[in-house]
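The values are calculated or read from the model by the stated rules, or taken from the named source; none is laboratory data. Keep in mind that what you see is a predicted model, and the values were worked out from it rather than measured. Backbone-built Cβ (ideal geometry, glycine too); neighbour counts: all protein chains shown.
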Amino acid sequence: MIDLNLEQVCLRQGDFTLSANGRFRAETLGISGKSACGKTTLLELIIGLRRPDHGRVHMNGEVLDDVASKLHVEARARRIGYVAQDADLFPHLGVRDNLLFGAARADAGGPDFGALVSALGLSALLGRSAKGLSGGERRRVALGRALLSGPRFLVLDEPFAGLDEVSRRGLRRNLMYLHGYFQIPWILVSHDRSDLRGLCGTILGVKDGVLS
């Protein structure tokens with residue numbers, strides 16, 4: 001379960017301001033909004049890559065940011081598996097070593113390597129270089145690497161962006177299976193609200209930097 005509590009959170013970037021306030025509890029949480037509305041900025045704040053200028057961020061009962069008391073929990077300590085929009089694999093490593101990098105970061109034990117590789121259909125890719133993968137393959141490897149790190153939950157930024165319809169359907173099946181088998185909660189972000197239907201129990205919107 002994700003229990004996200006944002007108390008009068010504000011983050012300014014030049015002329016842009018992100019504002020978020022409210023408590024959101026869900027097993028699978030979706031965030032939708034147009035490009036450049038602040039979705040990725042919100043994700044980076046949740047996972048600890050950015051600090052708010054004002055307010056408090058609570059996650060599952062733990063205070064992660066409190067501007068008034070100058071508290072900030074670093075991203076690594078938050079144990080959130082993050083899959084960026086570009087999948088962000090290590091190009092000098094093969095598929096197996098990209099996955100093992102995630103497993104090496106697990107503090108509390110991630111899922112079984114073999115079971116996860118099988119669930120994501122990565123067995124035939126283990127000997128491949130990360131450089132030659134298709135967009136869908138890259139997303140699956142990045143997802144596997146994040147899960148192997150043993151996160152409390154996943155954050156996926158635009159996982160369907162740039163994929164053809166076959167790859168999109170395949171990734172949806174992968175996500176639904178992973179949630180059912182490994183019981184991993186997630187926050188899933190997409191500019192297309194239809195991407196979130198069936199995958200997210202609760203869907204929030206971001207418009208002009210305001211979460212609602």
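All but one of (1) in contact with an Asp or Glu (Cβ under 9 Å, 6 or more places away or on another chain); (2) at pLDDT 85 or above; (3) of a type outside the set (Val, Ile, Thr) hold for residue 179; state the number of the condition that does not hold.
(2)
Kindly provide the set of residues from segment 2-22 that are of a type in the set (D, E, K, R) and in contact (Cβ under 8 Å) with a residue 60 or more places away in the chain, ordered by number. Let's see the steps before the verdict.
Just the residues of segment 2-22 that are of a type in the set (D, E, K, R), to begin with: 3, 7, 12, 15.
Matches in segment 2-22: none.
Does residue 56 fit the bill of being loosely packed, with under 14 Cβ neighbours inside 10 Å, touching a residue at least 12 places away in the same chain (Cβ under 8 Å) and not in a loop (DSSP other than H, G, I, E, B)? I'd like the intermediate steps shown before the answer.
Numbers: loosely packed, with under 14 Cβ neighbours inside 10 Å: no; touching a residue at least 12 places away in the same chain (Cβ under 8 Å): yes; not in a loop (DSSP other than H, G, I, E, B): yes.
So residue 56 does not fit the description; no.
Scan segment 23-50 residue by residue and report those that are surrounded by 15 or more Cβ atoms within 10 Å (Cβ to Cβ) and free of Cβ contacts under 8 Å to residues at least 24 places away in the same chain.
44
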